[in-house]
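Presented below is the structure to which this report refers.
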Amino acid sequence: MTAIHIDTLQNWKTKKNKFAAITAYDFSFSKLFANQGIPVILVGDSLGMTIQGHNSTIPVTIQNIEYHTKAVRKGAPNVFLISDLPFMSYYQVNQALKNTAKIIQSGANMIKIEGGKHLINIIKELSNRSILVCGHIGLTPQYINYLNGYKVQGKTEKSAKKIIEDALLLEDAGIKMLVLECIPSVLAKIITEKLSIPVIGIGAGRYTDGQILVMQDILGITEGKKLKFVKNFLSQSGSIQNAIQTYIDEVKKGIFPNQKYSF
Ligand code: KIV
């Protein structure tokens with residue numbers, strides 16, 4: 001696979017070529033995903049749950065993200081690699097710069113941060129230093145206590161307007177990509193059309209430029225209540241390789257996510 005850059009993803013948005021992204025946390029899986037043609041991998045702070053067994057992303061540290069970013073980069077040298085800045089690791093500009101440096105030095109192409117308007121200064125400071133920043137709005141798991149649990153966001157007119165406003169403000173501040181999590185498809189469609197940068201959805205319906213899922217959800221090994229937007233691609237694929245291939249193909253063709261997997 002030739003190296004994927006931010007320009008590649010930007011071109012795909014312009015040409016309306018949909019793309020699949022996935023989380024990964026280690027060498028073996030990132031290698032397998034890259035070999036199947038996954039262009040974008042996220043070292044998500046979901047590792048707090050999927051790798052560490054916590055019930056939220058809150059306990060994840062910057063050292064954890066560094067460790068997993070290094071492993072994933074070794075397995076997938078050419079993918080476009082995004083890594084999360086974890087909970088409270090970017091509440092001040094200096095701290096955000098210092099922690100971003102650690103993550104980029106570990107091999108990430110871009111860092112992802114959760115939240116809206118209050119991040120504008122931090123995004124501007126990072127962008128001024130040519131750091132690629134991905135925003136993340138809608139359901140933002142780092143704010144889980146404030147949000148009263150994992151719930152679909154943007155269902156009222158007021159909250160939908162706020163999400164649109166945040167998306168525009170973040171783009172204006174300099175983000176080069178946006179993740180929309182758990183919002184109604186119609187809202188994600190409006191945001192995807194308004195923004196000129198690539199928008200990736202998880203539980204945000206079919207209209208976003210790209211889709212991302214947590215690898216354990218794709219492989220059907222997440223325990224507990226099945227989330228509406230999650231599809232087990234392994235059950236009918238016979239192998240992990242085929243499951244990933246099916247996921248990539250279905251996203252590219254706009255088959256996944258259909259109404260069944262959307263809000
Ligand atoms: O941490 C993560 O895995 C994420 C995805 C859900 C987008 O942020």
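Laid out as a table, the results:
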{"item": "Of the criteria (1) modelled with pLDDT under 95; (2) over 27 Å from G203 (Cα atoms); (3) of a type in the set (S, T, Y), which one S106 fails", "result": "(1)"}
{"item": "Residue list for region 172-191, filter: surrounded by 24 or more Cβ atoms within 10 Å (Cβ to Cβ) and either β-branched (V, I, T) or in a helix (DSSP H, G or I) (or both)", "result": "I175, V179, I183, L187, A188, I191"}
{"item": "Helices (runs of 4 or more DSSP H) fully within region 1-50 counting 3 or more residues that are within 16 Å of the ligand (Cβ to nearest atom), touching a helix residue (DSSP H, G or I) at 6+ places or on another chain (Cβ under 6 Å) and β-branched (V, I, T)", "result": "none"}
{"item": "Whichever residue in region 214-226 is surrounded by fewer than 24 Cβ atoms within 10 Å (Cβ to Cβ) and in contact (Cβ under 8 Å) with a residue 60 or more places away in the chain and, among such residues, is nearest to I41 (Cα to Cα)", "result": "V214"}
{"item": "K112 being basic (K, R) and either closer than 23 Å to V199 by Cβ or in contact (Cβ under 8 Å) with a residue 60 or more places away in the chain (or both)", "result": "yes"}
{"item": "Test for V251: is it out of contact with any helix residue (DSSP H, G or I) (no Cβ under 9 Å at 6 or more places or on another chain), modelled with pLDDT of 95 or more and part of a helix (DSSP H, G or I)", "result": "yes"}
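The values are calculated or read from the model by the stated rules, or taken from the named source; none is laboratory data. What you see is a predicted model; the values in this text were computed from it and never measured. Cβ: placed from backbone, ideal geometry, glycine included. Neighbour counts: every protein chain shown.
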